[in-house]
Structure formats: C-alpha cells, structure tokens
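Worksheet for the structure shown next.
Throughout, read-outs are computed from the coordinates displayed, never taken from laboratory work. The shown structure was predicted, so the numbers you read here are calculated from the model rather than taken from an experiment. Cβ placement follows ideal geometry from the backbone for every residue including glycine, while neighbour counts extend to all protein chains displayed.
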Amino acid sequence: MLNAEKVVPTTCPYCGVGCNLELHVRDEFIYKVTSPFDSVVNHGNLCVKGRFGYDFIYNKERVTVPLIRKQPQTPGQRTQAFDRSAWREVSWDEALDYTADRLVEIYQRDGSKAMAVYCCAKATNEDNYLLQKFFRAVFRTNNVDHCTRLCHAASVVALQMAIGSAAMSNTAAEVSDCDVFILTGSNPTENHPIIALQMKAAVQKHGAKLIVVDPRRIEMVNYATLYLPIRPGSDVPVFSAMAHVIFKENLYNRQFIEERTENFEAFATSMEKFTPEFAEQISGVDRGLIIEAARMYATAHNGAIFWALGIPESTHGTANALSLINLALLTGHVGRKGTGLNPLRGQNNVQGASDSGAMPWHYPGYQAVDNEENARRWEEAWHIEPGGLNRQRGLTTTEILAAVHPGGVRALYIMGENPMMSEPNLNHTRKKMQELEFLVAQDLFINESGAFADVFLPAASWAEKEGTFTNTDRRVQRVRQVIPPRGQSRPDWEIICDLAKRVERRLNRPNSAYWDYHHPAEILEEMGRYVPDYAGIRYDRIEKVGLQTPVPTPDHPGTPYLYGERFPRGRAKFHPLEYIPNAEMPDEEYPLILSTGRVLEHWHGGTLTRHSWMDDLFPEALMDIHPADAARLGIHDGSPVRVTSRRGSIVLRAKVTTKTNIGVVFIPFHFREAAANLLTTDALDPQAKIPEYKAAVVRVTPA
Ligand code: SF4
C-alpha cells in the first residue's frame, strides 16, 4: 500500500538530459514536481516539461483498459479509429490471448520475416531488453528497431567505424572544463535545456569560446564567439575545410595521431580538395570564419564537439559525423576530461534502448547478430537450442514499413512509438500501416499509429512502474513507481512477459526463454550477465546517484569520460570523405529547404505533451520563415501558408523570424493537424538507413 503523503525521487520521462525529479504525492495523486539541488545531473534545475509536463498521467483520453477493434481489420482496408466507440473493452486475458493467437497464426504461416517490432526510447531499459528478447527468442526475427534509427543512427555507425563505440565520450557537464566547444546541428535551448544552461555557464562563468555551426540562428548564437551560418547539408565541406586548415597550418596533434590513430595519410590526401574556398562555395559560410574556427578549435587546450540531429538526419549523415570525428582525432581532443565527441541523445532512454538491444543488427551490448559467437552466447542466455537464433541482420524502422506487403512483414508490434508522426513521407507510411495484417499498439493513448491497431494494450506510465533509464551521457538512473497504475494499465515488462508465455505455450515451447521475473531488477541483472558495460550495475548501487557506463564490475565507480587509455577498436581510424549533395536540392519549383525539429514545450510525436498542459503553452504548429523570404512571397507574421513538397502539402501559420536563415524554413513535427513529416523525404543514408529529415525542398504560398 502506498503512503498517503510522500516525495519520491525518480528520473524525467522526457529528454536525454535525464534530470532528477522529486514527485510530490498526496493520496496517490502527484501534485508537484521539484528537483534536488544536489543532483549531479541538473543541480535542481528543470525545464518546463520536466516541471509541469507530467499531467498526461491523468488525462481523460488516456486508455486504461485493454481494447480490441469491433470491426475486424483487413490488409488494405485498415482504418484509423481514435473514437473509443470503434473499440470494445476486453479483459487482459482476452486481449493477450487474441494477440497471441494472431501473432502465432502469422508466424506459423509466414515465418520470422513476417514479424517486426518497434521498441521504445521512452520505455525503460528493462522493457526494451524484454521486448527485443521476445521477438528474437520466440519469433526468431531480428526485425527489431526503435527511434534511434530516426535520430542518431548515422552518429552510431560513424562512431563505431572510427572508434568502436557510439556513446557520448564525455559527461555533458564537462563543458565547463572546455576552453573551446563546437555546437552543430543542435538547438539545446529547446531540446536539451539543462545542457544549454551548462553551456551558457561555460561561456559566461568559465570563459569558454563557443563556435556554433547551424543553418538556424538558434538562441545559443547569442553566446557564441563565432557563428557559421551553414546551408543545410554542407557539413562535410565545412568541417573538412577546418581539417584542411589545421593540417596546412601544422596545428594538428602529431603525437596523438602517431600513437592512437590509423589511416592518417589517406585522410590527409583526401583533405586537399576541401579548401576554405570550396567550403564557402557549398556552404555559404565566409572562408575567413572557417579558418578562424579551425584555428580556435585546434589551439584549444580542451576542445569538445557537441552535436544533435542536424548532423545524422541526412542521406550523408554517416559522412557528416565522420567529418566531426576526423576533426577530434586530428587535434587529439578526445580521451580527456573536457574534450570529446558528444552526440546529444534526444529521448530520455534512447541510449538505454540501444544498449538494451532494441536494434536490428545488434543484440544487447552492441553484439552483432551475424557473429556466431554472439548468437551462441544469447542462445545460452535465453535457453534456446544451438542455431535457434536468427543470424541475419533485421530490418530497420523505415525498412520494416517498406517491407509491409504479402510475402514480407505482416505483423507489427509497436510499444510507445508513433511512426505515423515520426516516420518521413507519412503518406507512404499511412499506406503501409493500412496494408498490415495485424497491428498491436502498447501505449498510454490511442495515437496516430495506435489508431490503426487491432488491439490496444494499456501501459503504465513512467510514474507507475519501476525500472531504469540511461541518459545521454551514459548515466543509468532509477525510475520509481510513485502511484499505482491507472485503471487496468500494467507496466510494459509485465505485459511482455505475460504475452511471451502465452505465445510460447502455443508454440509448444513452454517458458523456454524464461519470463518469470518478480521485479525489473532481475531483468537488468540478466542483461548485465551478458553485457559487460552493465555487469556492475545493481539497483542498490543506483539508489541515490546513477552510474555511468561502462560499469564492468560490482565495485566499479562508473566512467565519466571514455578512451583515456585506448579506443575500443584499438587505434581510432581516420576516414577520407567526399562531398555528397542532399537527395533534393532547391530548384524553381521547390526553392526553399525545409528543416524539421522540436520545440521546448513538446515531445516528438506529441503522444504525451499534446495530452498535457504543454499543449496550452504551444497549441499549434508554426513555420519559421526569414523576413526576406516572407516579404518576397507576400507572407505576414501569423498569416496562413501552404507548404508543399513532392510528397504532400500542409497548411499552418507563418512565424516571420530571423531565427531561421534565408532560404530555410523550419516546422516542428509534433502536430497532427499540420504534420511536417507529410513533407519530408524517405531517402536514406546508405550505411545508417536514417532518413533525410533536415533537407526536403518545399514551395511556400499564402493559403
Ligand atoms: Fe526533463 Fe530534459 Fe527538461 Fe531535464 S531538460 S527537465 S530531462 S525535459
């Protein structure tokens, strides 16, 4: 029985900063959120979402009883049903038996390739570990992915190619130890507000120099020593030109290169063509600024690079990220406190979901699925016969949808994600959702994707269950049950175990993979037995303060920064690069470039924040457009505009602002009424399979 009045420490359910919260509870009702001043992550600071955005828990539209569609849905005829009258309320037994029957029917008929699952960067490590285990161990498929594919997949691929590990190398708060830091493709004021505060303090209190490289004049430009207003998609020329200058002016770190890297000669040769003049031509950035930025970063004692989705969300996202890695290797600004390569993770647990194996090419701990030794290890872990696990790489999120057709993917299980808002080219996504044979949604609300489902499994919110999140700088922190689950909702991990057992019984494999956990702590311990970075993490060790992975042993104190001694792949590898234009370039018909992203008050597909007070603070989509473009097109601040790309068209109001540069418009992707992803392209980076969200070309007209 929960106490009548209490204050419970937990972790914010929104962004990757992972702020420490105190939930104040009276009579099982959360009435206030504060933060402890001694928090090592956020020192008592919170942004508006963490402070006030928890009320979605009590929203009257939340679904707290299992639902099955009244009308059976058929491929091609599947419809969206937001209205509860299209669903009937059922018991958990009926919902799970129905789900198990349909999944088993499809699996036995069409095999592993017909099954796919979207795990969830908002769910706990334990939830994600179990859901990927369910699909791998029971349905023998690696068609397992989550929204990291749509955010940092290219950063992950590039870092693994060059270094052998994909996490942020340093702790975000170490920005106060930098004397120069580069911020690119990242708007922390809106997306990582507490890290933005730390960056501002680094500049104003500690005298750090900030170099902002971004196509938008974001708020952090006000704190920058240098601002490089780059054209979308010209990252490789600009950062490679900086490398060119550093090399030509002999500012590189020869000792670091000789002792800790390889492939330098090939890289140096490839840098020849990236002159500042060439970069200026492609990027629109004055060559003098590029030279100055190169000198500033190279001559720093501690230089760091922070980036977010403006770098990886590109058809050349892997090359973009490699251009940043090359810079850090060239100068030796990695492997020490206050330096590093820091891809800021967006969602609260995108790092943890990836660590937990919610990926098509890797088991937990980034162990490749096509490696025989790894497959044997996980067969042993999950009590599966030798050779039972699938050795083929699975499909990514976008590939899963593309494969929805007879003979391809037929059943999709979505836990907490919303591809009907977050995938690119939504008209194509809609068609694919309609063509599914069976769709399961496990969530708090019937969102744009769940509205297509056959069955809805009501999940407990983060405040109603136990678990862990891993934040952007690899800190594994506790999530605590503060109130009982609303209605009949259940923690995700419990739903998965219950369903997995029912499926295994139908397949005559009774409980072979083990689903009888009593508490999520046991799930994390199971993962830690096979994932060395989590081997030393136990719930009792992270009661007060989280631990930063790697934590290889029970007495290991955690790892604030990586690569002090060695890189995971031994020597870090330079990669020669080429300039590759965006998949679409402006032309007469579509003369503007659309960039998409988030605003402070909202969160991704909007499933949570649009059911919260946050929606009152920012209730509609607005398109940022520069005054010069607006004047040329006859558009006024607040006037309605139609935005059209080769894939679709939306109507919304314009916000005329110098926050965006000439030739670039910006639309947040949280709003169903003007869904930005109807416009975006599903062209992919060939290595990371990440879509090009940041550079669709559009036409804007008064509406
Ligand atoms: Fe939550 Fe991120 Fe805001 Fe912190 S900065 S309160 S983690 S949304």
If you stretched the chain out fully between GLU589 and HIS556, how much longer would it get, using 0.36 nm times the residue separation minus the C-alpha to C-alpha distance? 6.0 nm
For the chain, which cysteines have no disulfide-compatible partner, meaning no other cysteine Cβ under 4.7 Å? CYS15, CYS47, CYS119, CYS120, CYS147, CYS151, CYS178, CYS497
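Could you tell me which of rounded, prolate or oblate describes region 140-265, using a ≥ b ≥ c as the square roots of the eigenvalues of the alpha-carbon gyration tensor, with rounded for a/c under 1.5 and, failing that, prolate when a/b is larger than b/c and oblate otherwise?
On the way: a/c = 1.55, a/b = 1.08, b/c = 1.44.
Verdict is oblate for region 140-265.
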Return one number: the angle in degrees, 0 to 90 and rounded to the nearest 10, between the long axis of the Cα atoms of helix 153-162 and the longest principal axis of the Cα atoms of the chain. 60
Where only C-alpha atoms are counted, convex hull volume of region 153-344 per residue in Å³: 101
What order do you get for 394-403, 626-635, 119-128 when each peptide is scored by the mean count of other beta carbon atoms within 10 Å, highest first? 119-128, 394-403, 626-635
In degrees from 0 to 90, rounded to the nearest 10, what is the angle of the helix 317-331 Cα long axis to the longest principal axis of the chain? 50
Using the Karplus curve 6.51 cos²θ - 1.76 cosθ + 1.60 with θ = phi - 60°, what ³J(HN,Hα) values do you get for each residue of region 532-549, in whole Hz, with x for Gly and Pro? x, 5, 10, 4, x, 9, 10, 4, 5, 7, 10, 4, 9, 10, x, 10, 8, 5
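Would you compute, from DSSP H runs of 4+ residues alone, the mean residue ellipticity of the chain at 222 nm, taking -39500 (n - 2.57) per run and dividing by the full residue count, rounded to the nearest 500? All intermediate terms of the calculation are to be shown ahead of the outcome.
Details: 21 runs with 196 residues, N = 703.
Only helices count here, giving -8000 deg cm²/dmol.
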Whether region 5-58 is rounded, prolate or oblate, judged on the alpha carbon gyration tensor where a/c under 1.5 counts as rounded: oblate
In whole percents, the bins of 5 Å from zero upward hold the Cα-Cα pairs of region 404-451 as 5, 23, 31, 26, 12, 2, 0
Which ³J(HN,Hα) values in Hz, rounded to whole numbers, follow from the phi angles of region 419-428 under the Karplus curve 6.51 cos²θ - 1.76 cosθ + 1.60, where θ = phi - 60° and Gly and Pro get x? x, 6, 10, 9, 6, x, 6, 4, 5, 5
Checked region 278-363 with the C-alpha gyration tensor, a ≥ b ≥ c its square-rooted eigenvalues, rounded below a/c of 1.5, otherwise prolate if a/b is larger than b/c and oblate if not; verdict oblate
Radius of gyration and Dmax over the Cα atoms of the chain, both given in Å: 24.3, 71
Region 594-639 and region 311-325 have their Cα centres apart by a whole-number Å value of 26
Cα axis of helix 520-530 to longest principal axis of the chain: angle in degrees, 0 to 90, nearest 10? 60
Binning at 5 angstrom from zero up to the longest distance, how are the C-alpha pair distances of region 81-226 distributed in percent? 2, 8, 11, 12, 14, 12, 9, 7, 8, 8, 6, 4, 1
Normalised contact order of region 5-58, rounded percent, pairs of Cα under 8 Å and 6 or more residues apart: 28
Pairwise centroid distance, computed over Cα atoms, of region 151-165 with region 209-274, Å: 18
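When only Cα pairs under 8 Å and 6 or more residues apart are kept, what is the percent relative contact order across region 592-702? Present the calculation step by step, with values, prior to reporting the outcome.
Working: 232 pairs, mean separation 41.4, N = 111.
Across region 592-702, relative contact order equals 37 percent.
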Which whole number in µm²/s is D for region 592-702 by Stokes-Einstein, with the Kirkwood Rh taken over Cα pairs at 37 °C and 0.692 mPa s? 230
Under a point spin-label approximation (7 Å from Cα along Cα-to-Cβ), what is the GLU94-ARG642 distance to one decimal in nm? 4.6
Would you list HIS333, HIS611, HIS43 from fewest to most Cβ contacts within 10 Å? HIS43, HIS611, HIS333
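Pull out the extension gain between ARG538 and LYS60, defined as 0.36 nm times the separation in residues minus the alpha carbon to alpha carbon distance; nm, one decimal.
Numbers: separation 478, 0.36 × 478 = 172.08 nm, distance 3.66 nm.
Gain on extension, ARG538 to LYS60, equals 168.4 nm.
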Whole-number D in µm² s⁻¹ for region 492-646, Kirkwood Cα-pair radius fed into Stokes-Einstein, 37 °C, 0.692 mPa s: 145
Full-extension gain between ILE580 and TYR514, please, as 0.36 nm times their residue separation minus the C-alpha to C-alpha distance. 19.0 nm
